[in-house]
Amino acid sequence: AKHLSLVGCDAVPIGIGVPSDNGTGALFPWAADYDLRAYRGGVRSDGVAAMWEVVESSPVPVALIEIGPHTNAAALLARYPRAASRVQIFAMGGSVVPHIKLPWGHESPVATTNERLDVPAARALLLPAWRGQTQWAPLATTVNVSLDGALWRRIGASPSPAVRVGSGLGAVGGVLEG
């Protein structure tokens with residue numbers, strides 16, 4: 001909600017996901033001061049039901065982009081099995097390219113965070129019930145991003161709120177280096 005508000009997209013409704021013991025994630029301290037009651041787009045307490053309503057009401061198949069642990073997609077499938085044939089999953093995760101040196105000291109292949117934090121949910125993305133095969137953006141495509149020097153300064157000076165907030169989120173999450 002905080003990110004969407006800062007970039008001027010606060011008309012987008014959001015839903016609260018399934019409670020889990022996955023922890024709060026690296027961005028929680030950055031977002032903790034945001035009052036969800038002030039969010040203009042509306043906040044649904046049952047994000048899985050909200051996803052189903054979008055799927056059910058859409059005249060075309062829905063793309064679900066998973067950028068965190070896959071808990072909510074698995075809950076959608078469990079609670080609303082009919083959703084599967086109407087949802088194409090695009091998921092950030094997976095590590096199959098060998099010998100990528102990771103920032104935390106390991107070398108791939110490894111169980112990436114999105115899969116490691118909820119293994120049963122990750123397995124649910126592999127089920128044939130979904131519309132088409134789940135498409136993965138593997139670790140190899142994201143882990144080695146590092147911006148510095150002139151490009152980093154140019155991004156930091158951008159007049160676009162989306163670029164400034166995005167680069168700030170990356171720095172908080174340990175993705176971008178200044």
At a 10 angstrom cut-off on C-beta neighbours, averaged per residue, how do the peptides 122-130, 69-77 rank from highest to lowest? 69-77, 122-130
Which chymotrypsin sites (Phe, Trp or Tyr not before Pro) from segment 18-69 combine a DSSP loop assignment with at most 16 other Cβ atoms within 10 Å? TYR34
Please give the length that would be gained between LEU126 and SER45 if that part of the chain were fully extended, namely 0.36 nm times their separation in residues minus their C-alpha to C-alpha distance (nm, one decimal). 26.4 nm
Between ARG44 and residues 5 or more places away or on another chain, which pairs have amide H atoms under 5 Å apart, with H built 1.01 Å from N, and which residues are they? ILE14, GLY15, ILE16
Given 154-161, 82-89, the highest-first ranking by average Cβ count within 10 Å works out to 82-89, 154-161
Rounded to whole Hz, the Karplus (6.51, -1.76, 1.60) HN-Hα couplings of segment 38-43, x for glycine and proline: 8, 6, 5, x, x, 10
For ALA91, enumerate residues with amide H under 5 Å from its amide H, sequence gap 5+ or separate chain, H modeled in the peptide plane. GLU66, GLN135, TRP136, ALA137
Quick calc: nm separation of the 7 Å Cα→Cβ label points for ALA78 and SER57 -> 2.6
For segment 25-86, with equal point scatterers placed on the C-alpha atoms only and solvent neglected, what are the log10 I(q)/I(0) values from the Debye formula at q = 0.22, 0.23, 0.26, 0.28 1/Å, to two decimals? -1.02, -1.06, -1.16, -1.22
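Given R₀ = 22 Å, what would the calculated FRET efficiency be for SER160 paired with CYS9, taking r from the Cβ atoms and rounding to 0.05?
Details: r = 12 Å, r/R0 = 0.56.
Efficiency, from the Cβ-Cβ distance: 0.95.
In what sequence, largest accessible area first, do ASP10, ASP21 appear using a 1.4 Å probe?
Most to least solvent-accessible, the answer reads ASP21, ASP10.
The values are calculated or read from the model by the stated rules, or taken from the named source; none is laboratory data. What you see is a predicted model, and the numbers here were worked out from it, not measured in a lab. Methodologically, a virtual Cβ is constructed for each residue, glycine included, from the backbone with ideal geometry; neighbour enumeration extends over all protein chains shown. Side chains included, ligands, DNA and RNA excluded: accessible areas come from the protein's heavy atoms. Shrake-Rupley method; radii C 1.70, N 1.55, O 1.52, S 1.80 Å.
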